[in-house]
Structures are given as structure tokens and as C-alpha cells.
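In what follows, a structure is listed as C-alpha cells, so that the remarks can point back to it.
Just so it is clear, none of the values below were taken in a lab; they were calculated from the coordinates. Values in this document were obtained by computation on a predicted structure and should not be read as measured data. Don't worry about glycine lacking a Cβ; one is built from the backbone with ideal geometry, like all the others, and counts go over all protein chains shown.
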Amino acid sequence: MASRSIGSFSSERRSARTVRRDRGATLVEAAVVLPLLFVVIFALVEFGWAFKDSLSVGHGAREAARAGATFGNDPYTNFLVLQEIEEVMDPVGIADGLRVRIYNPVSGAGDNYVFTDGYAFGCDWVPCPDPDAGSFYNVPSWNPANRDVSAPFTDRIGVEVTFSHQWITRLFATTTDLSKDVDFQIEPQVFDP
């Protein structure tokens with residue numbers, strides 16, 4: 001049987017004590033670092049979600065203004081512009097609560113619309129700009145039929161889209177309005193239908 005010296009026995013005991021102390025230090029470090037790590041992860045997710053909504057609002061406003069510039073003085077223009085916004089925003093899940101303003105950037109005349117799912121006979125916007133909606137139809141104050149579409153100087157059409165982003169964790173705020181304003185020159189209508 002091999003004999004142990006007293007010095008080696010006490011060094012083994014000290015190393016076991018050191019290991020226990022290191023485990024305790026690791027636990028304390030984890031208790032400090034993990035909450036900070038979770039805050040950083042939640043902040044990344046939260047701001048990523050807000051950034052996605054902001055990009056979607058900008059994309060919807062651009063597509064709607066392009067559509068409005070193309071449709072020109074068609075009596076359905078405002079309705080078609082709002083349908084374009086719906087097509088862009090619905091797949092990303094932010095159509096509900098959208099506020100849209102279609103206006104003349106020069107004079108400021110225009111109309112405000114709010115998305116309300118199932119408002120009237122295929123028109124999800126209040127007030128409804130669809131001429132086929134019967135009693136729900138509201139003639140726009142900047143009537144599409146009166147827009148100047150004769151070359152070379154046509155009217156401009158502006159579209160402002162606003163969405164209230166709901167923060168998930170509410171660490172930064174409860175809601176933030178994300179808004180994008182775009183205007184285009186209306187395309188001249190040089191060909192008769």
C-alpha cells in the first residue's frame with residue numbers, strides 16, 4: 001500500500017475548496033450576465049420587428065402612390081390605391097388600423113381613410129371611396145375625375161400611410177406611429193380608352 005504524505009493530502013483538500021468557490025463565482029457571473037443577454041436579445045427582436053413594420057409602411061406608400069399615378073383621373077382611383085395598399089400590407093399582417101391620406105401635394109386637398117375589415121360590401125375603408133358601394137360611397141374631396149392628366153403638366157398625387165406599431169415588451173414604449181409620405185407625378189392620359 002502506498003503511503004500519502006501529509007502535504008499532498010492538504011493540497012487535494014485545498015483544490016476541492018477552490019473548485020467549489022469557482023462554481024459559486026460562475027453562478028454569480030451567470031446571474032449578472034444572463035439578464036443582460038436576454039435584454040439584448042429582446043431589444044434585437046423588438047427593433048427588428050419595428051424595422052420590418054417601417055419598411056412595410058414605406059413599401060405600401062410607394063406602391064400606392066405609383067398606382068395612383070397610373071390610374072390618373074379614373075373615378076375608382078382612390079379605391080384602387082387603397083386596394084393596392086391592402087395587397088401590400090395584408091400579407092405582413094399590418095393592414096388592421098392603417099390610416100391613409102390620399103391628397104394633392106400642391107394644394108393639400110385630400111381625404112383620410114381608415115382600414116376597417118368588413119366595413120361595406122367589399123370596401124374595407126372608412127369612408128368608402130368605391131363608386132359601386134351604393135349608399136356607403138363617399139365622393140372624395142379631391143375628386144379623381146377632376147385631376148389634371150393632360151400632358152405635359154399633370155397633377156401630382158400624394159399618399160401618406162400611417163401604422164401604429166405595438167411594442168411587444170413595452171420596454172421602450174407602448175405604441176409608435178410609423179408613417180411614410182410619397183408623391184408622384186400623375187401619368188398623362190394621352191390615349192382614349
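Between Tyr76 and Ser107, the modelled labels are 2.5 nm apart [label points 7 Å from Cα along Cα→Cβ]. For log10 I(q)/I(0) by the Debye sum over Cα atoms at q = 0.08, 0.09, 0.10, 0.11 Å⁻¹, the value calculated from this model appears in [x] -0.41, -0.52, -0.63, -0.75; [y] -0.43, -0.48, -0.55, -0.62; [z] -0.29, -0.36, -0.45, -0.54 under label [y]. Residues whose amide H falls under 5 Å from that of Leu98, counting only those 5 or more places apart or on a different chain, are Phe115, with hydrogens built in the peptide plane. Couplings 3J(HN,Hα) for the range 86-101, derived from phi with the Karplus relation 6.51 cos²θ - 1.76 cosθ + 1.60 (θ = phi - 60°), are 4, 4, 7, 8, 4, x, 8, x, 10, 6, 4, x, 5, 10, 10, 10 Hz, where x marks Gly and Pro.
Between the Cα long axis of helix 6-71 and the first principal axis of the chain there is an angle of about 0°, rounded to the nearest 10.
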